[in-house]
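The values are calculated or read from the model by the stated rules, or taken from the named source; none is laboratory data. A quick note: this is a predicted structure, and the numbers were derived from the prediction, not measured. Glycine also receives a Cβ, built like all others from the backbone with ideal geometry; neighbour counts cover every protein chain displayed.
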Amino acid sequence: MKNLLRAILEDYNLYLPTRIVFEKFKYIFTSLKTGLARLTPPFSKSMIQGYYSFSLDYWKTCQKNNIVDVTYKTFTYSQTLRTSPPNSIYDRIHENFEKKLTLTNPDTFLISASNCRVIGDEGAVITHDNKLLADVSRHFRVKIDNINLHPELCRLELPKGKELPGTVAVLATAGGYNYYHWLLDVLPRLEIINNTFSDYYHKIDKFLINKVSSFTTQSLAMLEVNPDKVFPLQAKSHFLVEHLIIPSLPGELYAPSPWICDFLRNNFLKQKADIQPIKRLYISRAKARRRKILNEQEVVNCLQNGDSLLCISNSIVL
């Protein structure tokens, strides 16, 4: 026990996600409570054994081992995005904007496999050989080059597992309960499914999402997804799925590819033909819980400047 405590304290630092530290201390207290008895492993697997950085690596491993029920199809190939610098009152834009004027989105794809698992409220995917699929299991502040800090890899005890029969698609991802991430990170995964394995789209038994809310319900209805098939995840979720459909994330954070914008416009704007054009739109954070604008009224006055301005501050729906 002394060595375990020392190891935890040594690897703790300010950049380590709080959830990882929580999981380690939770294991200590559980062990003390049970007299260091062996914890019962769900599905006979007490911990995740490593990871695949890329889903393509997992598919290649399965091909090499003659595992035929794992399929992989590419949707779009890697592309570089070049954006225009934002307007600014300063002579030079902030360095964070400069860094993101050119971004490269990786290939998008869909992989399907049997006997995989989905863990947690962010839809982390664990393969049949008990490894994390890193590129489809996004967690903020954790990248491929430091994937060993992913909270699911740092669990010392997995939540109690439950079998989920049939064909299941995982859409949940980091921040998927948030309006922005729902629109640009979650919904486009349906487009990947629809265009890569179109015969699956209406045969899927369940769609795993982060959370059910007014805008998730409305948008899924507009995309003709049966609400009875929508299943929200929780932090303690742990499912062994008979057949899992795993669309890739549509791209890097905050860098939507043109196909994502086209998908959203084609599916949502066409149903709003009566919208009157306005010159400027400002989404206020006055009622947000955090990240508020200190001089917001000054910003609104500056933007208005005699022109038509729509300022949105209430809950957003489509």
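For residues that are among the basic types (K, R) and under 14 Å from the mean Cα position of the chain (by Cα), scanning just the stretch 178-217, find the one that is farthest from N105 (Cα to Cα).
The residue in question is K211.
Residues checked against (1) in contact with a Phe, Trp or Tyr (Cβ under 7 Å, 6 or more places away or on another chain); (2) of a type in the set (V, I, T); (3) surrounded by fewer than 22 Cβ atoms within 10 Å (Cβ to Cβ):
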{"residue": "G176", "(1), (2), (3)": "yes, no, no"}
{"residue": "P188", "(1), (2), (3)": "yes, no, no"}
{"residue": "F197", "(1), (2), (3)": "no, no, yes"}
{"residue": "K203", "(1), (2), (3)": "no, no, yes"}
{"residue": "F215", "(1), (2), (3)": "yes, no, yes"}
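Just for the stretch 46-64: of the residues that are at pLDDT below 95 and of a type in the set (S, T, N, Q), which one is nearest to L158 (Cα to Cα)? Before the answer, list the steps.
So in the stretch 46-64, the residues at pLDDT below 95 come out as 46-50.
Retained after the next criterion (residues that are of a type in the set (S, T, N, Q)): 46, 49.
On the way: S46: 6, Q49: 12 Å.
Of everything passing the filter in the stretch 46-64, S46 is nearest to L158 (Cα to Cα).
Name the residues in the stretch 79-113 that are among the small types (G, A, S) and closer than 18 Å to L56 by Cβ, would you?
Matches in the stretch 79-113: S112, A113.
Go through the stretch 112-144 and give me each residue that's more than 20 Å from P232 (Cα to Cα), among the charged types (D, E, K, R) and surrounded by fewer than 21 Cβ atoms within 10 Å (Cβ to Cβ).
Hits for the stretch 112-144 are D129, K131, R141, K143.
So which residues in the stretch 119-154 are of a type in the set (A, V, I, L, M) and either assigned to a helix (DSSP H, G or I) or farther than 12 Å from A174 by Cα (or both), if there are any at all?
The answer is I119, V125, I126, L132, L133, A134, V136, I144, I147, L149, L153.
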